[in-house]
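Visitor: Let me give you the structure first, and then I'll get to my questions.
Just so it is clear, none of the values below were taken in a lab; they were calculated from the coordinates. All values reported here derive from a predicted model rather than from experimental measurement. Using ideal geometry, Cβ is built from the backbone for each residue, glycine included, and neighbour counts are taken over all protein chains shown.
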């Protein structure tokens with residue numbers, strides 16, 4: 001599932017602040033390559049490798065969560081559509097008394 005956005009958390013600021021500009025550039029390029037499912041450069045620097053592992057874990061969690069939410073919403077929409085096709089009724093309007 002391809003998305004055009006991802007979360008770059010402000011909690012990563014301390015990680016980036018300890019890196020040189022060159023290291024930070026390598027890390028952010030690796031992040032974008034990973035998100036776009038492109039080959040990532042091998043991070044041989046131990047500091048970059050450790051930072052990458054923390055960030056990658058968050059990206060993977062967010063991607064899985066997004067896929068679960070999409071699947072749930074798709075199931076609800078399909079069920080609603082099937083109900084509409086069978087009954088011809090749309091159900092209660094928003095804001096209607098229950």
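Visitor: Compute the length gained on full extension between residue 79 and residue 22: take 0.36 nm times their separation in residues and subtract their Cα-Cα distance, giving the result in nm to one decimal.
Guide: Once the chain is fully extended between residue 79 and residue 22, it gains 15.4 nm.
Visitor: Let me ask something additional. Please give the peptides 78-88, 45-55 ranked by average Cβ packing (other Cβ atoms within 10 Å per residue), highest first, as a rough proxy for protection.
Guide: Ranking the peptides 78-88, 45-55 by packing returns 45-55, 78-88.
Visitor: Going 7 Å from the Cα of residue 7 in the Cα-to-Cβ direction, what parts of the range 60-87 have a backbone nitrogen less than 15 Å from that spot?
Guide: Under cut-off, by backbone N: 60-70.
Visitor: What's log10 of I(q)/I(0) for the range 11-86 at q = 0.21 Å⁻¹, Debye sum over Cα points only, no solvent?
Guide: Computed log10 I(q)/I(0) values: -0.92.
Visitor: Same structure again: Can you tell me the relative contact order of the chain? Whole percent, Cα pairs under 8 Å, sequence separation 6 or more.
Guide: Normalised by residue count, the contact order of the chain is 26 percent.
Visitor: Please report 40, 70 as a ranked list, fewest other C-beta atoms within 10 angstrom at the top and most at the bottom.
Guide: Going from least to most buried by this count: 70, 40.
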